[in-house]
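Remarks on the structure that follows.
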Amino acid sequence: MKKIYLCTILSEDKPGVLYRVADIFLRRKINIEGIISVKNKEEKLSKISIFVEETQEAVDKTIRQIDRIIEVVNAVAKVASIEDIKKFMKAGEITI
Amino acid sequence: MTGAQAVLESLLKEHVKVIFGYPGGAIMPVYDALYDYKDKLNHILVRHEQAAGHAAEGYARVTGKPGVALATSGPGATNLVTAITDAMLDSVPIVCITGQVATSLLGTDAFQEADIIGVTTPITKWNYQITKASEIAEVFAKAFYISQTGRPGPVLIDITKSAQMEQCIFKYPKNVRLQGYHPKTVSDLAVIKKVAEIVNQAKKPFLLMGHGVLIANAEEEVKKLVEKANIPVACTLHGLSGFPTGHRLYKGMLGMHGNYGPNVLTNSADVIIAVGMRFDDRVTGDVSRYAKNARIIHIDIDPAEFNKNIPVEVAILGDAKKALQELEKYVSYKNHEEWLTRFDSYKEEEYKQVIEKEITLKAEKLTMASVVNLLSEMTKGEAVIVADVGQNQMIAARYYKFQQSNSYITSGGLGTMGFALPAAMGAKMGVPNRQVIVIVGDGGFQMNIQELATLAQEKLPVKVIILNNNFLGMVRQWQELFFAKRYSFVDLKNPNFVDVCKGFFVDAEKVDKPAALREALEKLLAAEGPRVLEVVVEKEEKVFPMMPTGASVSEMRLV
C-alpha cells in the first residue's frame, strides 16, 4: 500500500548530491511530491527532506541506494506524520 | 608545477603503470606533460575512446587495481560512456580522466563541450569536475580510493583545460577521509554464529559464489569453507574461474545458459549461502519461484543488494574474505552425500542431451563448443579468456575448464558487444606472462574492430578466435525459439576477416574444416605477436540448456 513517506538525507554539502538523489528516484519512476534542502553551516552538512507517495518496499530500496552515494552520511525514511506535512507546507510558503 | 603535471604525478602516487587513452583539444596540456613521463607511464594509444574504457576494465579485472582511461572533452568523453556503464554494472574499478573546456567557457556550449558530469552521474560510483589546479591532488586521491574500496566501480574526473595549465603546489594526501563513505571491512560475529548454526542444520546446503569472491580475493576461503562443511558450489558468470572446475564440490555455472543441475537444484536446496553475488535476473529467472525452500544467507559488501531482488533471512555485510574466514571456524563437516549425488544425475543428463554432441568434433562442420573444448584442452585451462557477448560468451563460459582465478573476463551486467577485443588489450597489459585469448562472434568483432591497429602498433600478443556463424547468433536463437523463426535483421554479410586483419598488419587465418582446427589453434597459441583465427561454425547452433525469460530455474530446457 502506498503512503506518504518523509525521506531525510544528511549529506556533505557538495554540488551534485541532489542530482544523484533525484536520479535514484527517477530510475524507479518515483515522483517527488515535495523537497527541501537546507545547509547546516556549523556541521558543513546539508539536510535534504523529500516527500514521496510510495510503498514501504520501494522506499526502503530507494533509501538504501541513496545511502550508497559517497557524500551521503545518513539516509532514512519514515511514514510522514500530519505534523511533518504541515511543517513542510509552511516551509514552502517562505519567501527569501 | 602545472595542473597537467599534477595529474601525472597523482597517477604515479597511485602506482599507475599504464594509461589507455586518446588525445584531443581539451586534454592537450596533459598529453604535453605526458611527453616527459614516457619512461614512467606507459600510454597505449587506442583507436576509439570506448576501447580505452574497456581496456582499463580488462586491466582492472586481471590485476585487481584500477585501470585508467584518458580522453578529451565532448565526443572523447561521451565515447567513454558505454565502458563506464559496463564497469558500473560489473563493479570494475576504473578511473576515467576527461579534459573539459576552459573554466571560463563552462556552460557556454563551447567547442567540444559536453556536460560529462551530468551524463555520467547515474553511471559512476563518483565523479567530480576540477576547475582549479589546486584541487587535483585531493580529488585524484579520493577518486582512486573510492573506485577500489567497498564495492568497486568507475569514477570520472573531468578537468578543465585552464586547470591543467594553471600552476599549483603538489601535495598528495596520505589518507583519504570521507564523511559519508566508510566501506565495511569487518562483519558482525553474532550474525556469523547464527549463520553457522543454520548451515550446520542444513540437509541440502548450496553455496553460490559471485564476482565479489574474486574481488575480495576470497577464493581460498570459499574452498576451505565448502570443504570443511561439505557443501556443493556453483558460480555466477563472473564467479567463474574462482573455483577450480575439476573440484568434487564444483557443480557448474548458474544462470540462463548455465548448467542444468545447479539451476534446477537451487529450488531443492534448504539453505543457500550467496557470496558476493546479487541475484541478477539472469540467475534467478522468475523471482517468485526462486529458492522457495531455502533459508537464504547473503554475504555482500553492498548493503543495497540485500533484499533487492530476493528476500534474505540473514545478511552479512562486509568483506567476503573476512566473513568466510569467520564462518569457517564455526561450521562442521556433515554427510551430504545423497544431496551431492543429486547433482550427478542432472550432470549426466545434460552431458547426454547437450554437451556430448556439442563438444565432439564432427567430420564436416565445427560447433562453437568443440572449438572452445579443444582450446581448453590445448591450453590446459590456464589461459585468460576474454569473451564478448552472446552465444560465444555463453559457450566460452560453459566449455572452458578454468584452473586459475581471474581468468574469465566478459561484460556480464551490461552485455556490451565489442567489449572483448579492447578488454583483452588491457588484460594482456596487466598479465603479460599469461596467454590472453579473445572469444568473439562475427558481430561483436566488428564493434571495436579498429583496435586491431592498436594491437599491431603495440605488438600486443593477444590471440583472437572469431566464432563466425554469419549471424547475430543469440538474437537469431531467440527469434527461432520465441519469434516463430522470423529472422529479422540478424544475418550478416561479413567482410573477409583475414584480409581485414592483414590490412591492419595482424596475422590471421581462416578454418572451416574440423580436421584443420588443431593445427590452426597451435599456430594461434604459438604466435609471438597478435593473431586472429576465424573459425567458420555451424550457422544455426543454439546454446542449451536455457532458462527462457520468465521461467523458473527449475524449468531449464535441455532442448
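Points worth noting:
- Simple rule: put +1 on each Lys or Arg Cβ and -1 on each Asp or Glu Cβ in segment A:3-93, find the dipole, and look at A:Leu6, A:Met89, A:Ile35; the Cα lying farthest toward the positive end is A:Ile35.
- Excluding ligands, DNA and RNA, the accessible surface per residue across chain A is 64 Å² with a 1.4 Å probe.
- Working from label points 7 Å from Cα in the Cα-to-Cβ sense, the B:Asn494 to B:His182 distance is 5.5 nm.
- Those residues of segment B:143-182 whose amide nitrogen sits under 20 Å from the label point placed on B:Met1, 7 Å along Cα→Cβ: B:143-145, B:157-176
- Residues in segment B:287-331 that, when all protein chains are in place, have 10 Å² or more less accessible area than the chain alone would give (probe 1.4 Å): B:Asp302, B:Pro303, B:Ala304, B:Phe306, B:Asn307, B:Lys308
- Length-normalised contact order for segment B:457-509 - Cα pairs under 8 Å, 6+ apart - percent: 26
- Every helix of 4 or more DSSP H residues in chain B counts as -39500 (n - 2.57), and over all residues that averages to -10500 deg cm²/dmol at 222 nm.
- Among the GluC sites (Glu not before Pro) in segment B:459-559, those placed in a DSSP loop whose Cβ has at most 13 other Cβ atoms within 10 Å are B:Glu528, B:Glu540.
- Rolling a 1.4 Å probe over the protein chains gives B:Tyr145 an accessible area of about 70 Å².
- Accessible-area order (highest first, 1.4 angstrom probe) of the listed residues B:Val431, B:Val68: B:Val431, B:Val68
- Applying 1/(1 + (r/R0)^6) with r as the Cβ-Cβ distance of B:Phe505 and B:Thr360 and R0 = 35 angstrom yields a FRET efficiency of 0.45.
- Shape of segment B:3-165, Cα gyration tensor, a/c cut at 1.5: rounded
- Candidates per trypsin sites (Lys or Arg not before Pro) in segment B:2-82, loop by DSSP, up to 13 other Cβ within 10 Å: B:Lys38, B:Lys40
- Taking GluC sites (Glu not before Pro) across segment B:280-348, the ones in a DSSP loop with at most 14 further Cβ atoms lying within 10 angstrom of their Cβ are B:Glu313.
- Share antiparallel - DSSP beta bridges, the protein assembly as shown, percent rounded to 5: 30
- For the pair A and B, total buried accessible area rounded to nearest 100 Å², probe 1.4 Å: 1600
- R0 of 60 Å, Cβ-Cβ distance B:Gln353-A:Glu53: FRET efficiency to nearest 0.05: 0.70
- Solvent-accessible area of the protein assembly as shown (1.4 angstrom probe, protein heavy atoms only): carbon and sulfur portion equals 53 percent.
- Surface accessible to a 1.4 Å probe, per residue, for the residues of segment B:1-49, Å²: 45
- Rounded, prolate or oblate (a/c below 1.5 giving rounded, otherwise prolate when a/b exceeds b/c) for segment B:431-501 by Cα gyration tensor: prolate
- Relative contact order for chain B, counting Cα pairs under 8 Å that sit 6 or more residues apart, in percent: 14
- Gyration tensor (alpha-carbon) shape descriptor, segment B:360-536, a/c threshold 1.5: rounded
- Accessible surface calculations at 1.4 Å, restricted to protein heavy atoms, place segment B:77-121 at 35 Å² per residue.
- Gain in span if fully extended, B:Val431 to B:Ala190, counting 0.36 nm per residue against the direct Cα distance: 82.7 nm
- Modelled label reach - A:Ile36, point 7 Å along Cα→Cβ, segment A:67-90 residues with backbone N closer than 16 Å: A:78, A:80-90
- Mean separation of Cα contacts under 8 Å (6+ apart) over length of segment A:3-93, as relative contact order %: 42
The values are calculated or read from the model by the stated rules, or taken from the named source; none is laboratory data. Just so it is clear, the model here is predicted, and its values are computed rather than measured. Virtual Cβ from ideal backbone geometry, glycine too; neighbours counted across all protein chains shown. We work out accessible area using only protein heavy atoms, side chains counted, and drop any ligands, DNA or RNA first. Shrake-Rupley method; radii C 1.70, N 1.55, O 1.52, S 1.80 Å.
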